[in-house]
Amino acid sequence: MFRYSKPVRTIGVTKRSNYRDYRQQLRLDFNRRCGYCDSREDIASIGNAQYHIDHFAPRKRFPLLENEYSNLVYACSRCNIAKSDDWVSDSATQTIVDDNGYLDPCSDEFSECFDRDSNGNIIGCTPVAIYMIKKLKLFRIEYGIVWSLEQIDNVMDKLESVVSKYSSSLDAGRWNQLWNVYTQGRSIQNKLKSYFFK
Ligand SMILES: [Zn+2]
């Protein structure tokens with residue numbers, strides 16, 4: 001599985017004259033994740049400063065789509081910079097030519113044509129996915145690391161709920177032991193995160 005859920009653009013968003021004004025809506029619609037690599041914002045960057053608004057059909061080639069919400073993708077700086085103005089046709093609606101091109105991250109097809117190996121690295125299952133991996137550099141080790149860090153975060157969240165559950169039923173000594181293990185885990189997690197993404 002490449003991702004647990006797909007982003008969904010809200011229908012009927014009020015038209016804006018500057019695409020940057022959609023940022024908060026787009027961020028929510030994309031679940032605070034990069035549309036292309038699925039990296040969670042709080043894991044792959046500090047705050048949201050490293051996340052950009054990508055134009056799926058590049059605005060330099062299709063200026064009329066600059067402020068069209070349906071053409072926007074919340075994207076990490078790595079993916080946005082790698083994609084740049086690459087496009088394979090002269091039409092914004094023709095997204096693929098001869099197995100090269102791009103799939104909209106909000107499509108089911110996008111979820112289905114990517115997968116992950118046992119280390120969380122992104123792999124492509126179709127020629128178009130392989131094209132996107134090459135162009136967006138989705139083969140980079142960072143994406144497997146982000147995936148693994150998210151798994152650690154999920155485990156720590158579960159541990160946190162267990163620790164909270166036993167806070168009133170365990171004696172103070174045992175609960176403190178559990179709490180110490182939990183805080184050590186969070187500390188290691190934060191060190192790993194800052195080591196890779198600061
Ligand atoms: Zn990305």
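Taken together, the values in this text are just the output of simple stated rules run on the coordinates, not laboratory data. All figures in this text were calculated on a predicted structure; none of them were measured in a lab.
Between helix 141-165 and the chain, what is the angle of the helix's C-alpha long axis to the longest principal axis, kept within 0 to 90° and rounded to the nearest 10?
So the helix axis and the longest Cα principal axis differ by about 40 degrees.
Using the alpha-carbon atoms, what tilt in degrees (0 to 90, nearest 10) does helix 127-136 show relative to the longest principal axis of the chain?
Helix 127-136 sits at roughly 80 degrees to that axis.
Comparing Glu160, Glu68, Glu112, which has the greatest mean-square fluctuation in the GNM of the chain with Cα pairs linked when under 10 Å apart?
Maximum fluctuation in the GNM of the chain, among the listed residues, is at Glu160.
Nearest 10 degrees is fine. How inclined is helix 172-197 to the longest principal axis of the chain, computing both from alpha carbons?
The angle comes out near 30 degrees.
Please give every one of the aspartates and glutamates within straight-line cross-link reach of Lys193, meaning a C-alpha to C-alpha distance under 20 Å, and leave out same-chain neighbours fewer than 8 residues apart.
Asp38, Glu41, Asp42, Glu142, Glu150, Asp153, Asp157, Glu160
Could you list, in their original order, any pairs among Lys6/Lys137; Lys60/Lys135; Lys15/Lys137; Lys158/Lys191 whose Cα atoms are separated by more than 22 Å?
Flagged as over cut-off: Lys15/Lys137.
Which three extents, in angstrom, do the Cα atoms of the chain have along their principal axes, listed largest first?
The principal-axis extents, from largest down, are 69, 37, 28 Å.
Per residue of the chain, what 222 nm ellipticity follows from adding -39500 (n - 2.57) for every DSSP H run with n ≥ 4, rounded to the nearest 500?
Value at 222 nm, helices only, nearest 500: -13500 deg cm²/dmol.
Could you list, bin by bin from short to long, the percent of Cα-Cα pairs of segment 122-198 in 10 Å steps?
Bins of 10 Å from zero give 17, 31, 23, 17, 9, 3 percent of pairs.
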